[in-house]
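Reading through the structure tokens given below for one structure.
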Amino acid sequence: KAGVTQTPRYLIKTRGQQVTLSCSPISGHRSVSWYQQTPGQGLQFLFEYFSETQRNKGNFPGRFSGRQFSNSRSEMNVSTLELGDSALYLCASSLFLAGEETQYFGPGTRLLVL
Amino acid sequence: GESVGLHLPTLSVQEGDNSIINCAYSNSASDYFIWYKQESGKGPQFIIDIRSNMDKRQGQRVTVLLNKTVKHLSLQIAATQPGDSAVYFCADGNTDKLIFGTGTRLQVFP
């Protein structure tokens, strides 16, 4: 079974621009979560989607948003990019059935904001 | 708020020795924990998980121990190999969002 895929893998943007990252979950997984990883803050939860609905949200400003499509694929968007948004953005998917909550991660999208 | 922390930022072990990576958590209601391994340039990879109704779980060369009394868990890697070199994270999976510890970098030297 194919794993979680994320595109693009690398991205360079300038301050003020906006960016959209894409995530395709493992086939059959309906829950998709997004995390930001930086050397200073570690892995931090952004938001989680299930059946096209945002179920949970972390402590990030409104510039960070996401959505999920009917095929469970998800996108996240960051508007008005700041230097501090440079990070590895990770997507994780899970079945989210009782006893099957384990989240499996993709390789991430490394975003550099100049 | 809830937090998860690891005891050592870096652990150096000799190839063939056993490794023990420790983690503490703050939420006494947490009932599900996961260990992830992250190699350079890759996303976290699931290693093993444990629920609070267990105090030990074994996988291939790995064992996780959970001590709910002191809110501590550990990951033991037997016969550590160079391929085990990575950053290891414990995560509290009690809610829909994972709460990660800061990670321990495991370095394996010959």
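The values are calculated or read from the model by the stated rules, or taken from the named source; none is laboratory data. Small disclaimer: the values here were computed from a predicted structure and weren't measured. Here the Cβ is made from the backbone with ideal geometry for all residues, glycine too, and neighbour counts use every protein chain on show. Heavy atoms of the whole protein, side chains included, go into the accessibility calculation; ligands, DNA and RNA do not. Shrake-Rupley method; radii C 1.70, N 1.55, O 1.52, S 1.80 Å.
Going by what's in this entry, would B:Leu65 be described as of a type in the set (A, V, I, L, M) and crowded, with 21+ Cβ neighbours inside 10 Å?
No, not satisfied.
Any residue that is buried (at least 16 other Cβ atoms within 10 Å of the Cβ), charged (D, E, K, R) and either within 11 Å of chain B (Cβ to nearest Cβ) or at positive phi (or both) - is there at least one of those in the stretch A:6-28?
no
What are the residues in the stretch B:3-31 that are within 11 Å of chain A (Cβ to nearest Cβ) and crowded, with 18+ Cβ neighbours inside 10 Å, if any?
Result: B:Val4, B:Leu6.
Every residue in the stretch A:33-48 that is open to solvent by less than 10 Å² (accessible area, probe 1.4 Å) and more than 8 Å from the chain's Cα centre (by Cα), please.
Result: A:Glu48, single match.
All but one of (1) surrounded by fewer than 16 Cβ atoms within 10 Å (Cβ to Cβ); (2) more than 13 Å from chain A (Cβ to nearest Cβ) hold for B:Phe46; which doesn't?
Among (1) surrounded by fewer than 16 Cβ atoms within 10 Å (Cβ to Cβ); (2) more than 13 Å from chain A (Cβ to nearest Cβ), the lone unmet condition for B:Phe46 is (2).
Check the stretch A:78-88 and report whether any residue there is buried (at least 16 other Cβ atoms within 10 Å of the Cβ) and under 20 Å from B:Thr95 (Cβ atoms).
The answer is no; no qualifying residue exists.
Of these, B:Thr104, B:Thr95, B:Thr80, which one is among the β-branched types (Val, Ile, Thr) and over 15 Å from the mean Cα position of the chain (by Cα)?
Answer to the selection: B:Thr95.
Can A:Gln41 be described as at the interface with chain B (Cβ under 10 Å from one of its Cβ atoms) and either within 14 Å of A:Leu90 (Cβ to Cβ) or modelled with pLDDT under 95 (or both)?
yes
Does B:Gln58 qualify as being more than 23 Å from A:Tyr49 (Cα to Cα) and without any contact (Cβ under 8 Å) to a residue 24 or more places away in the chain?
Considered against the rule, which asks whether it is more than 23 Å from A:Tyr49 (Cα to Cα) and without any contact (Cβ under 8 Å) to a residue 24 or more places away in the chain, B:Gln58 comes out as yes.
It is to be established whether one or more residues within the stretch A:28-35 are over 21 Å from B:Phe89 (Cβ atoms) and in contact (Cβ under 8 Å) with a residue 40 or more places away in the chain.
The answer is yes; a qualifying residue exists.
Can you tell me which of A:Leu112, A:Leu81 is touching a strand residue (DSSP E or B) at 6+ places or on another chain (Cβ under 7 Å), modelled with pLDDT of 95 or more and either within 21 Å of B:Ile34 (Cβ to Cβ) or in a loop (DSSP other than H, G, I, E, B) (or both)?
A:Leu81
Just for the stretch A:49-64: of the residues that are open to solvent by 50 Å² or more (accessible area, probe 1.4 Å) and assigned to a strand (DSSP E or B), which one is nearest to the other protein chains (Cβ to nearest Cβ)?
It comes out as A:Arg55.
Suppose we filter B:Gln60, B:Gln76, B:Gln81 for residues that are modelled with pLDDT under 95, open to solvent by 10 Å² or more (accessible area, probe 1.4 Å) and more than 13 Å from chain A (Cβ to nearest Cβ); which single one remains?
B:Gln60
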